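Taking it in order: structure first as structure tokens, then the write-up.
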Amino acid sequence: MSIQATSRLVKRCLLALPLVAAGGPAAAQSVLAVAPTFFHLDAAKKLILINAPLARVNAAFDTLKVITAPDHHYQLSQPVTSVTTRQAYRVQDADTVYTVYFTQVPVLHLTTRHQIADTPSVYARLALADTSGVLAETATGLEIRGGSSQSYPKKSYELSLWADTTGVASRDLALLGLRNDNKWNLQALYNDPLRLRLKLGNELWMRMNQVYYQAQEPAAKSGIGLAYTEVFLNGSYQGIYALTERVDRKQLKLKKYAKNTIMGELYKGVDNNKLALTYHEAPSFQNESVAWGGFEYKEPAEQIDWTDLYDFVRFVVNSPDTTFRSQYKTRFNFENAVDYFIFLNVVRAGDNTGKNIYVAKYKPGEPYFYVPWDLDGILGNDWQGLHTNMTEGLLTNGFYDRLLKETDFRTALSRRWAALRTSVLTQDAIMAGIAQNVNYLQANSVYERERLAWPTYAYDPAQLAYPATWLTGRLAYLDAAFAPVQALAAAPAVGATLFQLYPNPASGSLTVAFGTAPYQLSVQSLTGETLLRKSLPSGSNQVDISALPQGLYVVRASNAVATAVQKLVVR
């Protein structure tokens, strides 16, 4: 059969008809015959994965004793009246014992005879089965993706769907309810113990933000969609992955290059060591290069020209305050700048202040805007998956350093924060997103199988408690940092019942009172720099703040039993 004939999206039967043994209908009720679409075998690990619809599975027998697949009969060690995705089952075929799991997660197979490298792509076969019976089969180019993540034993991959074995022609498929495309990423999720931060972060951003030109481009998305899938590579089970869309011209619906004219633009942040990326310098550029100042050129693919982005970076770096104030809203979409700053800080994405951000422009004469990427080091973890336990300080870059000096930006920031804190950015809403992902993975025994694939991995329930604790502290800090100045006198600040400070606004000195126990007091800038730290006794204390410049600060008071933060205005 030709590649063209097998590169298709087809419906397959959900389950083969139950096998009928010679003993008659009663014997047939003890056998489950699984169609090849839903039967996935790792012979080396002695693992069988079945992702047929569970209701149809349990309707196929009364008491299950035998599972059949092409040319094999697997005898259960203990007959069961129903199966579940939360339990493993032991079966035997001849002298070999296997572990069987039922799952409702889509399963993707990649098969290749070639050595997989960073580049170029090698030919492979792809087969992706979801639980509805839809089977996607195609040729694909396969290569390893990522930077430092390439050193991990569990690799991430880039998929380029092909119409033939050479990759001369591409093929678009809509996979797992995501967009119709020929380019996909398989993210390994290796550096997140919960295997969910990347997915949750992108889902949170999409709930917060949409492109400002949505009315003109209804299909445009301000981020990427993701779907979980379990992966087999050359018959070897690799564990849980996220199949993801890509940030590109198609996703954002940027205007196409036309008549030798640059229309939409797209750049990717890749290197924080290059200071143009973080808006601290504007070096010269060469249009012969796909890299400049920490950025990687993406669109338009037909022509490389850094002129417009260079002009914007130079504007941020060098323009006088009056010029910046009068022009920044026309050069960068104001609402997107506000949303991304809030998002960056609420999840504390420490690796996403310059690197791992796309800068895009819809068409000539329109403002730039941000699109986040690689959101695995968030919610109290760094990019290596280690707990940072840092709930204080604001993440920023040279662009946001200038924006934070602008009254319009700070006012909009406070208003947007207040609105989001009643909906998308409540503790309950974010934790519900975490719980939804964890429950899905736990319900399908994914964490258990992840350890089968990667023996050093171990799911720890305490990993779920950590982001809840971290988020409590982070939201409290940001409530103080983003609170409107005019609201300070009208409403108690975070922790006002635990300690008081007055006057506020203040200059010269400040009175601070904290319960009946000694405490540590610190005063920090909005970027997290500690400018004053003192150990104080209980009761009222006078604190000298004459050395603090005018501005906004965060005051933290803590002892062995309590921690609270408030916002302070020095004038």
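The values are calculated or read from the model by the stated rules, or taken from the named source; none is laboratory data. Since the structure is predicted, the reported quantities are computational estimates derived from the model, not experimental observations. Note: ideal-geometry Cβ built from the backbone for every residue, glycine included; neighbour counts use all protein chains shown.
Yes/no per residue for (1) surrounded by fewer than 16 Cβ atoms within 10 Å (Cβ to Cβ); (2) touching a residue at least 12 places away in the same chain (Cβ under 8 Å); (3) in contact with a Pro (Cβ under 9 Å, 6 or more places away or on another chain):
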| position | (1), (2), (3) |
| --- | --- |
| Phe409 | no, yes, no |
| Arg415 | yes, yes, yes |
| Tyr440 | yes, yes, no |
| Glu448 | no, yes, no |
| Ala462 | yes, no, no |
| Leu471 | no, yes, no |
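Hey, any hits in the stretch 177-184 for a residue that's touching a strand residue (DSSP E or B) at 6+ places or on another chain (Cβ under 7 Å), closer than 21 Å to Ile224 by Cα, among the hydrophobic types (A, V, I, L, M, F, W, C) and in contact (Cβ under 8 Å) with a residue 12 or more places away in the chain? Yes, the stretch 177-184 has at least one match. I'm trying to understand the selection: among the residues of the stretch 154-192, which are of a type in the set (A, V, I, L, M, F, W, C), surrounded by 18 or more Cβ atoms within 10 Å (Cβ to Cβ) and assigned to a strand (DSSP E or B)? Scanning the stretch 154-192 gives Leu159, Leu161, Trp162, Leu173, Trp184, Leu186.
Conditions tested, residue by residue: (1) of a type in the set (Phe, Trp, Tyr); (2) over 20 Å from Leu243 (Cβ atoms); (3) part of a loop (DSSP other than H, G, I, E, B).
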residue: Ala55; (1), (2), (3): no, yes, no
residue: Gln78; (1), (2), (3): no, yes, no
residue: Tyr98; (1), (2), (3): yes, yes, no
residue: Val105; (1), (2), (3): no, no, yes
residue: Thr131; (1), (2), (3): no, no, yes
residue: Leu142; (1), (2), (3): no, no, no
residue: Ser149; (1), (2), (3): no, no, no
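Residues of the stretch 200-239 that are within 30 Å of Ala124 (Cβ to Cβ), in a loop (DSSP other than H, G, I, E, B) and touching a helix residue (DSSP H, G or I) at 6+ places or on another chain (Cβ under 6 Å): Lys221, Gly223, Ile224. Within the stretch 138-153, the set of residues being in contact with a helix residue (DSSP H, G or I) (Cβ under 7 Å, 6 or more places away or on another chain) and either buried (at least 18 other Cβ atoms within 10 Å of the Cβ) or over 19 Å from Glu230 (Cα atoms) (or both) comprises just one member, Ala139. The set of residues from the stretch 303-322 being closer than 26 Å to Glu288 by Cβ and surrounded by fewer than 11 Cβ atoms within 10 Å (Cβ to Cβ) comprises just one member, Thr307. Please verify whether Leu498 is at pLDDT 90 or above and surrounded by 13 or more Cβ atoms within 10 Å (Cβ to Cβ), treating the condition exactly as stated. No; evaluated as a whole, the condition is false for this residue. When the residues of the stretch 441-466 are filtered to those that are assigned to a loop (DSSP other than H, G, I, E, B) and polar (S, T, N, Q), the one that is farthest from Ala52 (Cα to Cα) is Thr456. Selection of the stretch 193-207 for residues being crowded, with 18+ Cβ neighbours inside 10 Å and in contact with a Ser or Thr (Cβ under 9 Å, 6 or more places away or on another chain) yields Leu198, Lys199, Asn202, Trp205. Residues of the stretch 110-129 that are in contact (Cβ under 8 Å) with a residue 60 or more places away in the chain, surrounded by fewer than 18 Cβ atoms within 10 Å (Cβ to Cβ) and outside any loop (DSSP other than H, G, I, E, B): Thr111 alone. Residues that are within 28 Å of Pro153 (Cα to Cα) and surrounded by fewer than 17 Cβ atoms within 10 Å (Cβ to Cβ) within the stretch 217-264 comprise Asn234, Gly235, Ser236, Arg246, listed in sequence order.
Are any residues in the stretch 283-302 free of Cβ contacts under 8 Å to residues at least 60 places away in the same chain, assigned to a loop (DSSP other than H, G, I, E, B) and within 28 Å of Lys256 (Cβ to Cβ), and if so, which ones? Once the filter is applied, which keeps residues that are free of Cβ contacts under 8 Å to residues at least 60 places away in the same chain, assigned to a loop (DSSP other than H, G, I, E, B) and within 28 Å of Lys256 (Cβ to Cβ), the stretch 283-302 yields Phe285, Gln286, Asn287, Glu288, Ser289, Val290, Gly293, Pro300, Ala301, Glu302. Residues in the stretch 367-414 that are aromatic (Phe, Trp, Tyr) and out of contact with any strand residue (DSSP E or B) (no Cβ under 7 Å at 6 or more places or on another chain) were compared, and the one that is nearest to Tyr310 (Cα to Cα) is Phe399.
Buried (at least 22 other Cβ atoms within 10 Å of the Cβ), in the same structural domain as Leu404 (by TED's automatic domain parsing) and either of a type in the set (A, V, I, L, M) or in a helix (DSSP H, G or I) (or both), is that true of Ala276? Judged against the criteria, Ala276 is a match. Is one or more of the residues making up the stretch 357-377 out of contact with any helix residue (DSSP H, G or I) (no Cβ under 9 Å at 6 or more places or on another chain), within 30 Å of Glu288 (Cβ to Cβ), not assigned by TED's automatic domain parsing to the domain that holds Val554 and not in a loop (DSSP other than H, G, I, E, B)? For the stretch 357-377, residues out of contact with any helix residue (DSSP H, G or I) (no Cβ under 9 Å at 6 or more places or on another chain), within 30 Å of Glu288 (Cβ to Cβ), not assigned by TED's automatic domain parsing to the domain that holds Val554 and not in a loop (DSSP other than H, G, I, E, B): absent. Go through the residues of the stretch 72-86 one by one and say whether even a single one is free of Cβ contacts under 8 Å to residues at least 60 places away in the same chain and closer than 29 Å to Thr138 by Cα. Yes: the stretch 72-86 contains one or more residues that are free of Cβ contacts under 8 Å to residues at least 60 places away in the same chain and closer than 29 Å to Thr138 by Cα. So which residues in the stretch 422-437 are free of Cβ contacts under 8 Å to residues at least 40 places away in the same chain and either among the acidic types (Asp, Glu) or assigned to a helix (DSSP H, G or I) (or both)? Asp428, Ala429, Ala432, Ala435, Gln436, listed by residue number.
Does Arg325 fit the bill of being charged (D, E, K, R), surrounded by fewer than 17 Cβ atoms within 10 Å (Cβ to Cβ) and in contact with a strand residue (DSSP E or B) (Cβ under 9 Å, 6 or more places away or on another chain)? Against the criterion (charged (D, E, K, R), surrounded by fewer than 17 Cβ atoms within 10 Å (Cβ to Cβ) and in contact with a strand residue (DSSP E or B) (Cβ under 9 Å, 6 or more places away or on another chain)), Arg325 does not qualify. Within the stretch 329-383, restricting attention to residues that are farther than 22 Å from Ala418 by Cβ, under 21 Å from the mean Cα position of the chain (by Cα) and aromatic (Phe, Trp, Tyr), the residue that is surrounded by the fewest Cβ atoms within 10 Å (Cβ to Cβ) is Trp383.
Yes or no: Glu296 outside the structural domain of Tyr447 (by TED's automatic domain parsing), surrounded by fewer than 19 Cβ atoms within 10 Å (Cβ to Cβ) and closer than 16 Å to Lys361 by Cα? Judged against the criteria, Glu296 is not a match.
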